[in-house]
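Data first, discussion second: the structure below is written as structure tokens.
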Ligand SMILES: Nc1nc2c(ncn2[C@@H]2O[C@H](COP(=O)(O)OP(=O)(O)OP(=O)(O)O)[C@@H](O)[C@H]2O)c(=O)[nH]1
Ligand SMILES: [Mg+2]
């Protein structure tokens, strides 16, 4: 049965390990640098403008925010990595929370790792992707903000990202503004939710 992404609702925010859910719903997490477009992409997937708060100011998301899709899966919006102005202790707290979640959540089926097509993969992205991959969770890399660059630059950026992150295939790509690539990502998420 196909997942209706328009049936999306905020479920809960998780700020500590004691709040990790045990409801058994399959989860897919959205990770990446601050400002890369995680929350905007969740809104685009849901076809909603305001399901998730987005911001031109980075560092807005500080909890793991769970969104329930069609009552059948949770998409989890992670706080962004690498926001320089966030206090060190807060950054460390968030880092530990994400590490614990990725290591312990049995319902986590995949991690969507977002990279801005204009900046390509940075040293921080290389570090975070290899740290997250150590958990053994399947990872899907997605290039974001495709509307901001041309087709030729996009293809070059996708190849560079694949090379830097050591991927076997070119990443998916999306634009939350134009909606390009969003349906393909819905299909990939649905396949993860349906796996046993
Ligand atoms: N043109 C364009 N702008 C985008 C796109 N996606 C996000 N943005 C803009 O980029 C900025 C950051 O987007 P967010 O979705 O809040 O980014 P985030 O990754 O959730 O950021 P943090 O919560 O700080 O980690 C906002 O100003 C968005 O409007 C896109 O596909 N195209
Ligand atoms: Mg966000």
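Each reported figure results from applying straightforward, stated rules to the coordinates on display, with no laboratory input. These figures come from a predicted structure and were not determined experimentally. Cβ: placed from backbone, ideal geometry, glycine included. Neighbour counts: every protein chain shown.
Values as computed for the structure displayed
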item	result
Residue 155 surrounded by fewer than 19 Cβ atoms within 10 Å (Cβ to Cβ), part of a helix (DSSP H, G or I) and within 16 Å of ligand 2 (Cβ to nearest atom)	no
Residue that is farthest from ligand 2 (Cβ to nearest atom) [pool: residues in the stretch 96-112 that are crowded, with 17+ Cβ neighbours inside 10 Å and outside any strand (DSSP E or B)]	105
Selection count, the stretch 147-190, where residues are closer than 25 Å to residue 133 by Cβ, without any contact (Cβ under 8 Å) to a residue 40 or more places away in the chain and more than 16 Å from the chain's Cα centre (by Cα)	11
